[in-house]
Amino acid sequence: MALVELNSNNFDEEIKEGIVLVDFYADWCGPCKMIAPFIEQVANESDIKVGKLNVDLASDISNRYDVMSIPTIILFKDGAVVNQKVGFVTKDQILALVEEGR
């Protein structure tokens, strides 16, 4: 599936059904830039929806999920949080996070 840019307007609609992996990031964040290619690869190679949410542009959403450090990756299933990781992760760790949450 393609990578979805999330924001305050579309977030709830995009995560409400199925399994959705969301990368909470900021443009100025070094580790966020380092995992960006892994997030894109997972989006292109997997059957789940993958979204990116810029915490600087959607602080209401990041506050709702208590995102205090970035990058934070949260896995949602039908709108509920089922798994999450904070900090730099590899592609294999992202895939493991998804599998644990299925």
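The values are calculated or read from the model by the stated rules, or taken from the named source; none is laboratory data. Not measured: the values here are computed from a predicted model. Positions of Cβ are generated from backbone atoms using ideal geometry, with glycine treated the same way; all protein chains shown enter the neighbour counts. The accessibility values were calculated without ligands, DNA or RNA, using every heavy atom of the protein model including side chains. Shrake-Rupley method; radii C 1.70, N 1.55, O 1.52, S 1.80 Å.
If you check Ser62, Ser69 for being free of Cβ contacts under 8 Å to residues at least 60 places away in the same chain, polar (S, T, N, Q) and part of a helix (DSSP H, G or I), only one passes: Ser62.
With respect to Leu53, determine if the residue is within 17 Å of Glu5 (Cβ to Cβ), among the aliphatic types (A, V, I, L, M), in contact with a strand residue (DSSP E or B) (Cβ under 8 Å, 6 or more places away or on another chain) and open to solvent by less than 20 Å² (accessible area, probe 1.4 Å). Spelling it out, Leu53 is indeed within 17 Å of Glu5 (Cβ to Cβ), among the aliphatic types (A, V, I, L, M), in contact with a strand residue (DSSP E or B) (Cβ under 8 Å, 6 or more places away or on another chain) and open to solvent by less than 20 Å² (accessible area, probe 1.4 Å). Among the residues making up the range 10-41, a single one is free of Cβ contacts under 8 Å to residues at least 24 places away in the same chain, open to solvent by 60 Å² or more (accessible area, probe 1.4 Å) and within 15 Å of Gly79 (Cα to Cα): Glu13. Residues being in a loop (DSSP other than H, G, I, E, B) and not hydrophobic (A, V, I, L, M, F, W, C) are represented in the range 25-42 by at least one member. Considering only residues in the range 56-80 that are surrounded by 15 or more Cβ atoms within 10 Å (Cβ to Cβ) and of a type in the set (S, T, N, Q), the one that is farthest from the chain's Cα centre (by Cα) turns out to be Ser62. Test Asp47 against the stated conditions and say whether it is outside any helix (DSSP H, G or I), within 22 Å of Met1 (Cβ to Cβ), out of contact with any His (no Cβ under 7 Å at 6 or more places or on another chain) and modelled with pLDDT under 95. When the stated conditions are applied, Asp47 passes them. The residue of the range 81-102 that is nearest to Asp12 (Cα to Cα), among those that are hydrophobic (A, V, I, L, M, F, W, C) and either open to solvent by 50 Å² or more (accessible area, probe 1.4 Å) or in contact with a Gly (Cβ under 8 Å, 6 or more places away or on another chain) (or both), is Val81.
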